[in-house]
Amino acid sequence: MLTSLLNPLYFSIFTFLVFAYFLIKWLTSSPAATGKNPPPSPPKLPVLGNLHQLGMFVHRSLLPLSQRYGRDLMLLHFGSKPVLIVSSSAAAQQIMKTHDLIFSSRPKFNPIEKLLYNSKDVAGAPYGEYWRQMRSVCVVHLLSNKSVQSYKSVREEEVSLLIAKIKEFSSESLAVNLSQMFCYVTNDIISRIAFKRKYSKEDGEKFEKLLGEFMRLLGCFSVGDFIPWLRWVNWINGFDAALDRTAKEMDAFINGILEEHVSSLGSTQEKEQGNDFVDVLLHLQKDHNLAGNSLQTDSIKALILDMFAGGSDTSSTVLEWAMTELIRNPRVMKNLQNEVNKITNQKSTIITEADLEKFHYLKLVIKETLRLHTPFPLLAPRETTQDVTVMGYHISAGTMVLTNAWAIARDPQTWKKPEEFLPERFENNGIDFKGHDFEFIPFGAGRRGCPGVSFAMPVVELVLANIVKSFEWELPDGVKGEDLDIAETFGITTRRKNPLLAFAVPTSL
């Protein structure tokens, strides 16, 4: 047979037949042959699809492509995986409201499977009964308004400690690493609410580093997820090893927490100190009726990680960018300081959560920060559960969906001067970030919208109000605010590339 194929005539026939086979396969699967109308798509390469057109910051790379090929919807291929790109508020409304049920599942990714106990968390679980039960546990037992309010004293105490730490730096004329401070305070708040304790400085720094690596890996591109026959690349480049190491270290940390809580479950100490998140989950595990079915230990671990990933990382990222923009925009900083002084009557006391409802401009500043620096520029990917037609285009079952919330929030057809930081744009403007207005969806919308928004926002408001009230801020080396860098790093959230350093000058109140 081999000798026959080497004969020029037989080789030519063989080559022609192979070519004809793939040509017929391509023609019969083309839109014209199937009668389907897929969304517009740029040309793709064999094997890679459109992966070569993505830069380090995928949300930025997608914007010019969507402007050229499909302002509302665009179909790309990441390797062999079809990916629908959603780039307008009209298209987002179709995906997250009109056809929300069909677009409510999640694709499977190796990093999420390894780091989140085979997608046992709320954010990554595929749509179905398990996901509904876990979301119910979070919304009813962990993130209800009553639960959020019950931890008010924890937030106020930790913010007071933050202000005291910054004053120590100020007294020694040392620059404050605000990026680090925001991570510390949000981690300490979550730790006390979730575990009823904080950790030593050394342990806290270890956990902060571990959480940072955890978030980085969650946002990394895994070659094998999109080009299965290249899965071995993840082993060669060390990605699989990093996933295994981080998953093991995080699991050991969470196991230690669970062991502490199991040993004190039902004790006098627990009753005196009250229940934290872990206590609530362990009680639900014992009571099958509350959770519908027995709550597995891996599910508890995954939910705890969701709380940290969604609560701590998001809050510190928003605070980091809010202070960056306030320092870059002295006019906005002055307006906010004037509001703070007016509401507090220039008293030197710490602002409490009871004061927050009086603030108006503060909320505009936070909204504008979320718009300009969307913490999750690409919302968590969705996946279609069946064929569907959206805006006249055919979307096949199993298509991954990426919503470019960053692009939607900078759409010049919706926002005037979209690249500028202008909190006043939300004055007399009913658009909010709670998932009802699709021009502004930093936390998503519909069934898969983030359930923890009400948990994160009091932290952001309380910290920002107090550090603006207590200090004037100056950049090192005489750098002017307008020259402050705004370079980003990549990951599941978009943080500053370089730490935000500034000198704190206590206000003379």
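Okay, here's what the table says:
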read-out	value
Subset of the range 104-148 [under 19 Å from Ile254 (Cα atoms) and polar (S, T, N, Q)]	Asn118, Ser119
The listed residue being under 18 Å from the mean Cα position of the chain (by Cα) and of a type in the set (Gly, Ala, Ser), out of Gly430, Gly444, Gly398	Gly444
Glu205 being modelled with pLDDT under 85 and within 29 Å of Met457 (Cα to Cα)	yes
Hits in the range 115-133 (condition: surrounded by 18 or more Cβ atoms within 10 Å (Cβ to Cβ) and in a helix (DSSP H, G or I))	Leu115, Trp131
Number of the condition not met by Asp100 [criteria: (1) part of a loop (DSSP other than H, G, I, E, B); (2) acidic (Asp, Glu); (3) open to solvent by 20 Å² or more (accessible area, probe 1.4 Å)]	(3)
Selected residue (only one of Arg495, Arg425 is within 21 Å of the chain's Cα centre (by Cα) and in contact (Cβ under 8 Å) with a residue 40 or more places away in the chain)	Arg495
Residue tally, condition in contact (Cβ under 8 Å) with a residue 40 or more places away in the chain, surrounded by fewer than 20 Cβ atoms within 10 Å (Cβ to Cβ) and within 19 Å of Gly310 (Cα to Cα), over the range 152-173	1
Count - residues of the range 52-76 that are part of a helix (DSSP H, G or I) and either among the polar types (S, T, N, Q) or open to solvent by less than 30 Å² (accessible area, probe 1.4 Å) (or both)	7
Unique match (being surrounded by 18 or more Cβ atoms within 10 Å (Cβ to Cβ), at pLDDT 95 or above, in contact with a helix residue (DSSP H, G or I) (Cβ under 9 Å, 6 or more places away or on another chain) and not in a loop (DSSP other than H, G, I, E, B)) among Leu282, Leu319, Leu303	Leu319
Test: Ser191 is small (Gly, Ala, Ser), farther than 18 Å from Pro499 by Cβ and touching a Gly at 6+ places or on another chain (Cβ under 9 Å)	yes
Residue list for the range 220-255, filter: assigned to a helix (DSSP H, G or I) and exposed (fewer than 13 other Cβ atoms within 10 Å of the Cβ)	Pro228, Trp229, Trp232, Trp235, Ile236, Ala241, Asp244, Lys248, Ala252, Asn255
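The values are calculated or read from the model by the stated rules, or taken from the named source; none is laboratory data. What you see is a predicted model, and the numbers here were worked out from it, not measured in a lab. Because the Cβ atoms are built from the backbone with ideal geometry, glycine has one as well, and the counts that use them run over all protein chains shown. Accessible surface areas use protein heavy atoms only, side chains included; no ligands, DNA or RNA. Shrake-Rupley method; radii C 1.70, N 1.55, O 1.52, S 1.80 Å.
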